Structures are given as C-alpha cells and as structure tokens.
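The structure appears right after this line, and notes come after that.
The values are calculated or read from the model by the stated rules, or taken from the named source; none is laboratory data. Keep in mind the model is a prediction, meaning the values are calculated, not measured. Every residue, glycine as well, gets a Cβ built from its backbone with ideal geometry; the counts of neighbours run over all protein chains shown.
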Amino acid sequence: MLRILGILILTQIVLAQQVQEGSPYSRLQGLDNNYHVIDLPSIDTEALLAEDANRTNGTPYRYGYQHYVDFSTEDSGIWEETADGGLFWQISVTSESAHALSFEYDNFFIPEGGELYVFSPGYEMIQGAYTHLNNGNSGRFATPHLKGDTAIIEYYQPAATQGILSLVITEIIHDYRDIMGYSNDERDWECGINVICETDESYQGAINSVAFLDMGAYICSGAMVNNVRQDLTPYFLTAWHCVDGDNPSTFRFYFQKEASSCENTWSSLGPYAYSSDLLADADGISGGDWALLLIDDEIEEDWEVFYAGWDATENYPLISCGVHHPGGTGKKINYDDDTAYGAWWDNAADGLTHWQINWDEGGSEGGSSGSPVFNDQFQIVGVLTGGAGECGEGGWPDLYGKFHYGWNWEMEPNRRMIDWLDPDYTGTLVIDGTYVEVTGIPGDLNSDDVVNILDIIALANLIFEGNPTAEELAVADLNGDGILNILDIISLVNIILEN
C-alpha cells in the first residue's frame with residue numbers, strides 16, 4: 001500500500017510542461033526590449049572540447065557549459081507596472097558564442113493568469129506561454145534550447161491577479177557543440193543507420209520505444225518499458241551513469257528526434273515529455289549500470305510511443321538490434337545476429353555484469369549511453385554503459401549492463417526493477433512490448449477469460465482479414481513486433497500448452 005501511495009504522489013509532482021497559446025507582452029505592445037543585458041563570463045570552447053576528448057568511457061556526453069547563477073525576480077531584471085494595471089518583468093542574458101541557451105529554475109511559481117515566455121531578440125524563436133499549469137510541488141522547472149547566444153525571459157500578469165511570479169534562475173547552459181544543429185545541419189555522424197531507413201515492421205516497436213534524453217549540459221539515450229500490468233505507466237530505462245548526481249526533475253525526453261531521410265544527419269527535435277523521478281538504480285551495486293525513471297509528464301497518444309518488452313532471465317540472448325542517439329543526432333539503429341558474450345565492465349571481480357556486442361552494422365558514440373539492446377524477440381536485455389566509441393572503429397565491442405542484473409538484486413525493496421515492473425510479484429521474467437494498454441488476457445481474443453483453441457481460430461481470422469484494431473493488436477500480438485503472423489499463432493499454442 002505504501003509503495004502504491006508513493007506512485008500516486010510521484011505522478012503529481014509535475015502536472016506537465018504544457019505550453020499555452022499566446023505571445024509575449026512586449027511583442028503585443030511593440031516594446032523595444034532595450035533593457036540592460038547581463039553578460040555571462042566567456043568560456044573557452046577549445047579547452048572544453050579538449051576535456052571532452054579525454055573523458056572517461058562510461059560517462060555521459062557533455063555538450064554544454066553550465067553557468068551557475070542566482071538571478072531571481074526579487075533582485076534581477078526589471079519590474080514595471082503596465083498601462084492596464086498589470087505587472088511586467090523581463091531579464092536578458094548573453095553567453096557569447098553559444099549555439100543555444102537553456103535555463104533551469106528553482107522556487108518556480110506562476111500565479112493563475114500570468115504568462116512566462118523565453119525568446120530570442122527579434123522573436124525568431126519563442127518558448128511559451130508557461131502558466132500556472134507548469135507549477136509543481138518540487139519548485140523546479142527548466143526550459144529547452146533557445147537558438148543563439150542571447151535570451152530574453154519575460155513575464156506579464158494582468159491586473160487583479162492573485163499572487164506574483166517567483167523564480168530563481170540557477171543554471172544557464174551554454175551549448176558549445178551545437179547539439180541541436182541550429183548552426184550546422186551537416187554533421188557527419190554515422191554511428192548506425194537512420195531509423196527511417198528501416199521499414200521492416202518487426203523493428204518498429206524497438207525504434208519507437210527509444211528517446212533522446214537531455215539532462216541539461218549532458219545527453220544520453222534510453223527507452224520506455226512495459227510492465228506486467230501493461231497499463232502504460234511511463235517507466236523509462238537508461239543507465240545509472242547518465243543520472244548519477246543529476247536532477248531527474250529537469251530531464252527532457254524526445255521520442256521523435258529522427259532524420260527525415262536516409263541521407264540526412266540533421267533531425268528536428270519534435271515534442272517532448274518533461275520531468276521524471278528516479279525509482280530504481282544501481283547506486284552502490286558493484287558493476288551495475290541501470291536506472292529506472294518514472295516520467296511525470298503526459299505521453300501523448302499521437303507520439304506513438306512503444307513500451308518495450310524485456311527479458312529478465314540470465315539466458316544468453318541472440319541479438320537483433322540496438323537503437324540510440326549517437327552524439328545527439330537523430331535516432332539510429334544497429335544490427336547484429338549473434339549471441340551476446342558475458343563480460344565485465346571495469347573489474348572482473350564484479351562478475352559478468354554486461355553483455356558484449358560486436359555489431360555487424362553500426363556502433364556507438366557519446367549520447368548512445370543508456371540505450372537498449374534487443375534480443376531476437378525485440379525484448380530489452382541490456383543497457384549501454386559504453387565501449388567502442390568512434391562508431392566502432394578498431395572493431396572494439398560495446399558493453400551493455402545486463403537487464404536481469406537489476407531485476408531482483410539483494411537490496412532494499414523499491415530499489416529493484418521488479419518492484420516497479422512486476423508490482424504484483426507474479427514471477428514474470430519475460431514480457432513483450434505494447435503500444436496500448438492491455439486490459440484483457442494476452443491471447444484471449446474472445447474475452448472469455450480463458451485462452452483456448454477458439455482464440456487460435458480468432459487469431460487466424462485476424463491475420464487473414466488484416467488491419468486489426470489497436471486493442472486487438474495489443475491482445476493478439478504475442479511477439480510484440482507490431483504485426484500478426486504465424487509466429488503469434490505458435491506463441492498462442494505454447495500459452496495453451498503451458499496452461
């Protein structure tokens with residue numbers, strides 16, 4: 001009961017990073033925005049890149065310099081009373097030569113009726129309006145990348161508004177790598193194949209489960225995962241080294257960062273989910289590298305996010321693919337058709353905590369960390385710690401922390417993945433993925449609460465007719481590959497025989 005209550009509390013920490021329709025007050029009123037601009041200390045990009053070149057393998061990929069600041073609405077920027085009796089606040093900052101700027105806040109509160117915007121000079125890019133719907137119990141907030149090296153944060157509230165804006169800008173992130181491709185959309189990153197090139201339906205679930213994870217100044221990859229209740233709880237799996245020491249409440253999850261063609265290296269960001277809570281992790285587990293997050297924001301149905309299946313057994317898996325965001329580029333896919341090797345990461349005494357993959361096609365780079373590797377049933381069996389780098393040059397392998405290593409380890413309850421992904425402790429160790437909530441018994445196409453030969457007949461009819469509904473697919477797609485075929489009939493027969 002306490003753990004269920006904990007879930008309910010966690011899911012209410014942040015309502016969502018909803019953006020409302022609107023336009024900055026200064027733009028509507030034709031103001032000049034000629035207020036004093038705060039110039040942040042200059043940074044040495046070459047020195048940062050040199051540091052990055054020597055970063056330790058198995059650490060997250062840095063793209064931004066973090067300016068730690070303390071700019072609040074009480075002591076920074078300007079306040080004015082507007083002609084209509086409202087209040088107006090604005091602050092402008094410049095970090096010279098930044099490709100983009102992003103912001104993190106504390107003590108964040110917007111009263112109902114107030115509107116906050118972040119925009120570039122000339123309104124080339126506008127973020128907002130952010131409103132009271134963005135308030136959360138944690139008081140933390142973050143706004144995404146704004147193109148250019150100057151940003152204006154502006155707030156307006158009409159007369160008679162109850163309360164007043166509160167925020168403290170605690171961190172301004174200077175993008176020195178152009179991670180979003182705002183200045184250069186021709187970066188040469190070819191660690192894998194653009195996912196748009198893969199048209200085989202069997203790979204689509206794996207592809208659609210993966211997200212680009214922006215932690216603010218650092219990036220990783222990860223994937224949404226199914227749970228035994230199959231109720232679409234937004235559990236997100238990534239690597240422990242990606243979240244260690246960071247604040248998951250300001251993470252952003254981009255599920256549609258994909259190139260528009262096979263040849264393109266640039267990709268638009270698309271929509272994102274915002275904020276998460278750390279549920280289970282490998283902290284203190286020798287050799288482990290996994291972290292399970294709960295996304296606080298709403299996962300929109302039209303994003304077509306797939307909740308990937310997983311295999312928590314210790315069986316040596318036959319590998320099919322890996323999906324990731326190398327260097328922050330659009331989503332890529334690697335291929336293999338071999339059985340993984342057992343391996344250790346940095347200490348043989350820890351045991352064989354990782355799966356070693358020698359890709360037939362593709363590789364990994366900074367930003368790939370935390371991404372999933374899938375077995376031949378397209379179930380997650382591991383999470384990338386690191387390995388080859390430089391897109392696999394030299395033939396070095398990638399090492400993925402074993403999924404089962406974090407399943408039911410000897411640690412306190414609620415720190416293990418089993419406590420969240422099998423909350424009823426059913427003993428399930430293998431599960432397929434899903435796009436939709438599964439409310440019936442898998443394989444029970446007749447909804448009679450039993451799986452028998454009548455369901456085999458119904459499945460055969462669905463395969464023959466084609467075009468199953470999403471609900472039918474959720475119950476009948478026993479292999480989790482997004483299509484119905486003879487393999488699902490075989491799985492259904494096995495279910496009947498086992499029962």
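Among the listed residues Asp337, Asp289, Asp283, which satisfies the condition of being buried (at least 23 other Cβ atoms within 10 Å of the Cβ), of a type outside the set (Val, Ile, Thr) and part of a loop (DSSP other than H, G, I, E, B)? Of the residues listed, the single one that is buried (at least 23 other Cβ atoms within 10 Å of the Cβ), of a type outside the set (Val, Ile, Thr) and part of a loop (DSSP other than H, G, I, E, B) is Asp289. Residues in the stretch 61-74 that are in a loop (DSSP other than H, G, I, E, B) and buried (at least 17 other Cβ atoms within 10 Å of the Cβ): 2 in all. Restricted to the stretch 408-499, the set of helices (runs of 4 or more DSSP H) holding at least 2 residues that are at pLDDT below 80 and within 31 Å of the chain's Cα centre (by Cα) comprises 470-476. Within the stretch 53-74, residues that are closer than 19 Å to Phe212 by Cβ and free of Cβ contacts under 8 Å to residues at least 12 places away in the same chain reach no partner that is surrounded by 13 or more Cβ atoms within 10 Å (Cβ to Cβ) and among the charged types (D, E, K, R) with beta carbons closer than 6 Å at six or more positions or on different chains.
Taking the stretch 240-263 on its own, how many of its residues are assigned to a loop (DSSP other than H, G, I, E, B), farther than 15 Å from Val305 by Cβ and either of a type outside the set (Gly, Ala, Ser) or modelled with pLDDT of 95 or more (or both)?
6
For the stretch 75-86, check the following and say yes or no: at least one residue is touching an Asp or Glu at 6+ places or on another chain (Cβ under 9 Å) and within 24 Å of Asp214 (Cα to Cα). No, the stretch 75-86 has no match at all.
Here Gly363 fits the description: in the same structural domain as Val225 (by TED's automatic domain parsing), surrounded by 24 or more Cβ atoms within 10 Å (Cβ to Cβ) and touching a helix residue (DSSP H, G or I) at 6+ places or on another chain (Cβ under 6 Å).
With respect to the conditions (1) in a helix (DSSP H, G or I); (2) of a type outside the set (Asp, Glu); (3) surrounded by fewer than 17 Cβ atoms within 10 Å (Cβ to Cβ), Gly270 lacks only one, and its number is (1).
Are any residues in the stretch 75-93 under 12 Å from Pro158 (Cβ atoms) and assigned to a loop (DSSP other than H, G, I, E, B), and if so, which ones?
Thr82, Ala83, Asp84, Gly85, Gly86
Looking at Ser138, Ser95, Ser102, can you tell me which residue is in contact (Cβ under 8 Å) with a residue 40 or more places away in the chain, farther than 30 Å from Glu361 by Cβ and touching a helix residue (DSSP H, G or I) at 6+ places or on another chain (Cβ under 7 Å)?
Ser138
Say whether the condition of being in a loop (DSSP other than H, G, I, E, B), farther than 22 Å from Gly363 by Cβ and aliphatic (A, V, I, L, M) is met by at least one residue in the stretch 168-182. There is at least one residue in the stretch 168-182 that is in a loop (DSSP other than H, G, I, E, B), farther than 22 Å from Gly363 by Cβ and aliphatic (A, V, I, L, M).
Per-residue answers, yes or no, for (1) touching a residue at least 60 places away in the same chain (Cβ under 8 Å); (2) charged (D, E, K, R); (3) within 25 Å of Ser275 (Cα to Cα):
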| site | (1), (2), (3) |
| --- | --- |
| Ser120 | no, no, yes |
| Gln127 | yes, no, yes |
| Ala142 | yes, no, yes |
| Ala151 | no, no, yes |
| Gln157 | yes, no, no |
| Ile172 | yes, no, yes |
| Ala206 | yes, no, yes |
| Ala217 | yes, no, yes |
| Asp231 | yes, yes, yes |
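Selection of the stretch 138-162 for residues being part of a loop (DSSP other than H, G, I, E, B) and either farther than 18 Å from Asp106 by Cβ or touching a His at 6+ places or on another chain (Cβ under 9 Å) (or both) yields Gly148, Asp149, Pro158, Ala159, Ala160, Thr161, Gln162.
Here is a yes/no grid of residues against (1) in contact with a helix residue (DSSP H, G or I) (Cβ under 7 Å, 6 or more places away or on another chain); (2) in contact (Cβ under 8 Å) with a residue 24 or more places away in the chain; (3) assigned to a strand (DSSP E or B); (4) outside the structural domain of Val228 (by TED's automatic domain parsing):
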| residue | (1), (2), (3), (4) |
| --- | --- |
| Thr313 | yes, yes, no, no |
| Ile319 | no, yes, yes, no |
| Ile333 | yes, yes, yes, no |
| Trp345 | no, yes, no, no |
| Trp355 | no, yes, yes, no |
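The single residue among Gly58, Gly86, Gly22 that is surrounded by 14 or more Cβ atoms within 10 Å (Cβ to Cβ) and modelled with pLDDT of 95 or more turns out to be Gly86.
Checking Trp266, Trp310 one by one, the residue that is modelled with pLDDT under 95 and not charged (D, E, K, R) is Trp266 and no other.
Please pick out the residue among Pro111, Pro144, Pro121 that is surrounded by fewer than 21 Cβ atoms within 10 Å (Cβ to Cβ) and either under 30 Å from Lys331 (Cα atoms) or in the same structural domain as Gly366 (by TED's automatic domain parsing) (or both). Answer to the check: Pro144. Is at least one residue of the stretch 126-137 touching a strand residue (DSSP E or B) at 6+ places or on another chain (Cβ under 8 Å), surrounded by fewer than 18 Cβ atoms within 10 Å (Cβ to Cβ) and closer than 20 Å to Val69 by Cβ? No, the stretch 126-137 contains no residue that is touching a strand residue (DSSP E or B) at 6+ places or on another chain (Cβ under 8 Å), surrounded by fewer than 18 Cβ atoms within 10 Å (Cβ to Cβ) and closer than 20 Å to Val69 by Cβ. For the stretch 343-372, filtering for residues that are aromatic (Phe, Trp, Tyr) and at pLDDT below 90 leaves 2.
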